[in-house]
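Chemist: Dumping the structure here so I can ask a few things about it.
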Amino acid sequence: MDMYDKTYNSPEEKAELFGTLLAEIFTENIEPNFDSTHKKIIDDFIEEKGSNLFVTNPTDKDLDEDISIEELDEALKSINRKSSPGPDKITNKHLSNLGIHSKHLILKIINLSWKEGIILDDWKIAKITMLEKDVSDKNNPFLL
């Protein structure tokens with residue numbers, strides 16, 4: 001793999017490059033166009049709006065209702081049953097084959113998360129795998 005006028009051959013070198021690229025992407029940069037004045041304006045706006053900032057529009061009341069078992073069943077029908085499991089090792093095939101009691105339990109967790117606006121930490125975990133692309137675009141060497 002060639003990038004930045006250097007060839008990366010070993011898996012270790014490629015992993016190091018991948019880590020460097022991720023660090024560049026996720027490192028906080030101080031942008032001159034987003035200085036402390038702009039940050040203060042945004043912080044003040046959020047503080048002023050407070051808990052009303054993310055309130056559902058009255059015309060969208062259905063967004064405040066609990067997700068129904070029928071909606072969960074419909075969503076489970078549309079998921080890719082062959083996708084890889086997450087860190088919990090639960091596959092989409094497992095979820096698709098849940099019994100009614102398990103579905104209701106998961107639905108309680110989902111609805112509570114939706115109402116409280118809290119996403120469980122375990123739901124935020126993802127495994128990212130680097131795949132080398134077979135293309136000549138040196139500016140975009142990875143498919144994630």
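The values are calculated or read from the model by the stated rules, or taken from the named source; none is laboratory data. Here the structure is a predicted model, which is why all the values come from computation and not from measurement. Note that each Cβ is placed from the backbone with ideal geometry, even for glycine, and that neighbours are counted across all protein chains shown.
Chemist: Cβ contacts < 6 Å: first residue within 21 Å of D121 (Cα to Cα), restricted to the stretch 78-107; second residue part of a loop (DSSP other than H, G, I, E, B) and basic (K, R), any location; separation 6+ or different chain. Result?
Modeler: N92/R81
Chemist: Further question on the same structure: Return a yes/no flag: does the stretch 90-100 have any residue that is closer than 30 Å to T129 by Cα, modelled with pLDDT of 90 or more and among the charged types (D, E, K, R).
Modeler: Checked against the condition, which is being closer than 30 Å to T129 by Cα, modelled with pLDDT of 90 or more and among the charged types (D, E, K, R), the stretch 90-100 yields at least one hit.
Chemist: Looking for something of a type outside the set (D, E, K, R), under 20 Å from the mean Cα position of the chain (by Cα) and surrounded by fewer than 10 Cβ atoms within 10 Å (Cβ to Cβ) - is there at least one such residue anywhere in the stretch 56-79?
Modeler: Yes: the stretch 56-79 contains one or more residues that are of a type outside the set (D, E, K, R), under 20 Å from the mean Cα position of the chain (by Cα) and surrounded by fewer than 10 Cβ atoms within 10 Å (Cβ to Cβ).
For (1) charged (D, E, K, R); (2) at pLDDT below 80; (3) at negative phi, each residue gets a yes or a no:
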site: F26; (1), (2), (3): no, yes, yes
site: D35; (1), (2), (3): yes, yes, yes
site: K49; (1), (2), (3): yes, yes, yes
site: N57; (1), (2), (3): no, yes, yes
site: D64; (1), (2), (3): yes, yes, yes
site: A75; (1), (2), (3): no, no, yes
